[in-house]
Amino acid sequence: MKQSSFRYVAVLDLLLVGLLVAAFGPQAVLATPVVPAMTLAGVLLFVGGSVEESSLGPVTLSWRQLLGAGYVLAAVAISSVYVGEGLAGSATGRDLFLLVVSSLGALTLVVVGVEVARDGEHFAVTPTVGTE
């Protein structure tokens, strides 16, 4: 996969965030950690797909680290949807099933994010920023 391809993933993610805000109103942004986590994940994926590195104060992150962080935040957003009922003790069997399934999906995203961040051999991403 090309580094610049992650911009499309980011646009899709941010479009989904926009649809959620349009459907549930601006208060949905702060009502649950899902929307802020998805928003930040989309921004990280877009920046990671667009630059070689990014600095915020004394911290400099490579594009791989930005993409990895974006994937981990997307995993947090996915898994946090059903955690509330589980922690409150009001989860039904369906909620627990969906928590397990979403957690497995989130775990997959974490594995991909870590693999991209460390330039692992199982998920190859070709740097393309500055070469296109």
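The values are calculated or read from the model by the stated rules, or taken from the named source; none is laboratory data. What you see is a predicted model; the values in this text were computed from it and never measured. With ideal geometry, Cβ positions are generated from the backbone for all residues, glycine too; neighbour counts draw on all protein chains shown. SASA here: full protein model, heavy atoms, side chains in, ligands and nucleic acids out. Shrake-Rupley method; radii C 1.70, N 1.55, O 1.52, S 1.80 Å.
Computed quantities for the displayed model
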| quantity | calculated |
| --- | --- |
| Residue check for L61: outside any helix (DSSP H, G or I) and buried (at least 18 other Cβ atoms within 10 Å of the Cβ) | yes |
| Members of the range 97-113 that are more than 17 Å from M1 (Cβ to Cβ) and open to solvent by less than 90 Å² (accessible area, probe 1.4 Å) | L98, L99, V100, V101, S102, S103, G105, A106, V110 |
| Long-range neighbours under 7 Å by Cβ, at least six apart or interchain, first residue over 17 Å from R118 (Cβ atoms) within the range 44-62, second among the aliphatic types (A, V, I, L, M) and part of a strand (DSSP E or B) | S54/L61 |
| Every pair of residues 6+ apart whose Cβ atoms lie under 8 Å, when the first sits in the range 1-18 and is closer than 18 Å to E53 by Cα and of a type in the set (G, A, S) while the second is open to solvent by 80 Å² or more (accessible area, probe 1.4 Å) and modelled with pLDDT of 95 or more | A10/F46 |
| Residues (modelled with pLDDT under 80 and part of a helix (DSSP H, G or I)) located in the range 84-132 | G84, E85, G86, L87, A88 |
| Options A69, A106; residue that is closer than 15 Å to V47 by Cβ and touching a helix residue (DSSP H, G or I) at 6+ places or on another chain (Cβ under 7 Å) | A69 |
| Residue match in the range 78-85 (condition: without any contact (Cβ under 8 Å) to a residue 60 or more places away in the chain, aromatic (F, W, Y) and either open to solvent by 70 Å² or more (accessible area, probe 1.4 Å) or closer than 19 Å to V116 by Cβ (or both)) | no |
| Residues within the range 32-58 that are part of a strand (DSSP E or B) and open to solvent by less than 50 Å² (accessible area, probe 1.4 Å), tallied | 1 |
